[in-house]
1. Considering only segment 510-528, how many residues are in contact with a helix residue (DSSP H, G or I) (Cβ under 7 Å, 6 or more places away or on another chain) and either part of a strand (DSSP E or B) or open to solvent by 20 Å² or more (accessible area, probe 1.4 Å) (or both)?
2. Any chance you could count how many residues in segment 351-361 are over 26 Å from the mean Cα position of the chain (by Cα) and either within 25 Å of PHE400 (Cβ to Cβ) or exposed (fewer than 15 other Cβ atoms within 10 Å of the Cβ) (or both)?
3. Is it fair to say LEU150 is free of Cβ contacts under 8 Å to residues at least 24 places away in the same chain and within 13 Å of the chain's Cα centre (by Cα)?
4. Checking ASP289 against (1) in a loop (DSSP other than H, G, I, E, B); (2) of a type in the set (Asp, Glu); (3) closer than 28 Å to GLN364 by Cα, only one condition comes out false. Which one?
5. Answer yes or no as to whether LEU452 is buried (at least 21 other Cβ atoms within 10 Å of the Cβ), at pLDDT below 95 and of a type in the set (A, V, I, L, M, F, W, C).
6. Please go through segment 315-326 and pick out each residue that is surrounded by fewer than 19 Cβ atoms within 10 Å (Cβ to Cβ) and not basic (Lys, Arg).
7. Residues in segment 702-718 that are at pLDDT below 95 and touching a Ser or Thr at 6+ places or on another chain (Cβ under 7 Å): how many?
8. Applying the selection to segment 554-587, what residues are open to solvent by less than 20 Å² (accessible area, probe 1.4 Å), among the hydroxyl-bearing types (Ser, Thr, Tyr) and farther than 30 Å from ARG628 by Cβ?
Amino acid sequence: MSTRNRKSARRFGGVCIAVAAIWSSHAHAESSIRSDGVDDEERGVDRVGEASAAIGQERDVPSIAVGTEVGAAVPILDRIVVKGQALQLRDSAFSTTQIGQAAIAADRVSDIDSLFRYVPGMTVRSIGYGAVASSTVIRGFGGGGHGGDLGVVIDGVPLNEANSHADGYVDVQVLVPLEISQLTVYRGPVSALYGNFNRGGLIAFETRKSGDYAEFDGSMGQYGTVDMQAALGLPLANRNQLNIATQLFHTDGFRAQSQSERKTVAGRYSTVLSERLDLALSARLHSADADHGARLSRVQFDVDPYGIDPRTQNDGASKDFRSLRADLGYSLLPGLRLLGFGYDTRQQFTRYFTRPVSGGALLQREESYDRDVQGVGFSLNGVSSSTRFPLTYVAGVETFRERTAFEFHDGLARRVRVGPAINDRESDISSVSAFGEANVGLHRLLELTLGLRYDRFSGQCRLLGPEAGTDPCDRLESIDNASPKLGAKAQVTDWLQLRTSIAEGFAIPSGFTKYAPGAQALEPSELRQTELGLLLQAGPVEIDLVGYRIRSSEEIRAVSPGVFENFGATLRRGVELSVKWALTPDLDLRGVHAHADSEILRNANSALLGNSVTGVPRRSGTLNLAWRATPALTFDAGYRHVGGSWMDSANSRRSASYSVIDAGASWQLETRLPTRLSLDIENLTDRVHATAVSLSGGEEWLTPGPPRFFRIGAQIGF
């Protein structure tokens, strides 16, 4: 084990000893309290209400609402279908945001990315390319989605790509909005259930797995935009269940050469084999095809923000994604379940894009990836049968292997290759992980969340053909890492809850650096997050406020060609605010706001010391109002602000901030079938803005944001 991991293990060991001491002393105190006749409710955690289903009312704070009092009956663990489902967020001391199925439906979304505006500090820097993931900002990290700063899992299985356009690249469009039961955003590297690619946080999607429903959600809008979604939940004989969801989305785009289409179908069949054993089989098919208009220079954008550079070639992307999965659950004891899963994913993804290079020229690049991933995992999920100290926990092991055939060409002539490949190779990476996490309710003033994760990576890279590039391609020697997590919260009064946590994360060397012979002695980059938060609930007002500090160290830099070292450190700090306020019985306000700052502490280039990281807005926020004018008619409006961010590491140029206003209305019809009609207007004021800005050759290049957009829709239940 590495020096760093021995230190982490010692720290976690110290935490466990401290917890044991606290537990022992508390047990003695608890015995004394009981002899004094204090009732269970005083000793327990107060009920503060369950999360509402509506976006305007849904609680997005991890530590809201326990629902289980000390002294009340501890719930028996039912048929859990994904790892960690025993760990209720309401018991966790970590900051999370949760959005439920009804809230997603009420928001009438075609793109899942748009839901992230309800998470404080989370911003999507859309690059405007269909079939290509955009970049997402979270907790001061700007490389989520299009890089490795944001983890994404579907029912506990990772969606991130280990070796693709960028390590950790992930496209959430393989999901159908109507199939989501709930999504949870873990803010920061706090969850022990997931490892790599969650430096800034992680999104855990849970799909619908039960219920009797048939739903349709369709809409049509400007620029030839059509979105059709359907979902079916069908209980079958002998306690079997079928759940299916599908989506067809098409748009001609608001710019030339920006047509995009995607088709998705996902299905799950589950059966109860015996009183203790159940089985589920799942499949997902997704295909996408799009044309791309490329970015615009600042000069072009100022003349025509919705135009296209005449030098742009026939850019575009296509993707085919297929996944099969099996889940097995076995009840060992009341309140204790053993879960196992295995999955196979195949994906082909090709992208052509014209981009600026030095000297003001534009060249077309081709990147093609053929991925093959297999994984298997087991976990124990439990709820303690003791009523003295409520305990929920999960512990497990997982392994996966991902092989990616990567072909990279540059300087194409309208998708025609004119020279040898820059890279033509196959990467192979494997991981073995062990993890454990528990929520322990010692007292209303001390509830703990404890976690520990261990990961080990190995792999290799081999050439498939001649290459013109010089990227390293060799064996990846083993890299291991241990990440402890510790959180505590206290219900101080009926209306005030406090929480704090310390959690570590990590990042292994990115790209083909990890396969370089000169990189084999590298340690993973280390991230340590500390945070303090409070939850205040007073009548119709709920306020959640958290401050965080993330220090990344042992960052990796190139000393010379093929030689690397751990050198570099960055500090990220921020404040995140969530507010919900029922102004009247029919008027709800919901808002999130975040302030993020960063500082480069250590860098080989001394001129960068003290500078901020690029691509991260200092301020961002969303404000939403919902007014129920009548029981059938609802109006809603949203205001979204995204602040400017630095475009270069020297902090010499900053992108412009922008604000967008959306408005909508929905009408519940009194018909035999439950039907709700809707009208949505996005970018109501027709604000000209850029969703992403970068520098190349000293020139600004911008991705145009969409102009005013009208859409009508209908949601029908059968």
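The values are calculated or read from the model by the stated rules, or taken from the named source; none is laboratory data. It should be emphasised that the depicted structure is a prediction, and the values quoted were computed from it without experimental measurement. As a convention, Cβ positions derive from the backbone with ideal geometry for all residues, glycine included, and neighbour counts pool all protein chains shown. Side chains are part of the model used for accessible areas, which takes the heavy atoms of the whole protein and leaves out ligands, DNA and RNA. Shrake-Rupley method; radii C 1.70, N 1.55, O 1.52, S 1.80 Å.
1. The number of residues fulfilling the criteria is 2.
2. Number satisfying all stated conditions: 5.
3. no
4. Single failed check for ASP289: (1).
5. no
6. Matches in segment 315-326: SER318, ASP320, LEU324, ALA326.
7. Count: 0.
8. Selection gives THR570 alone.
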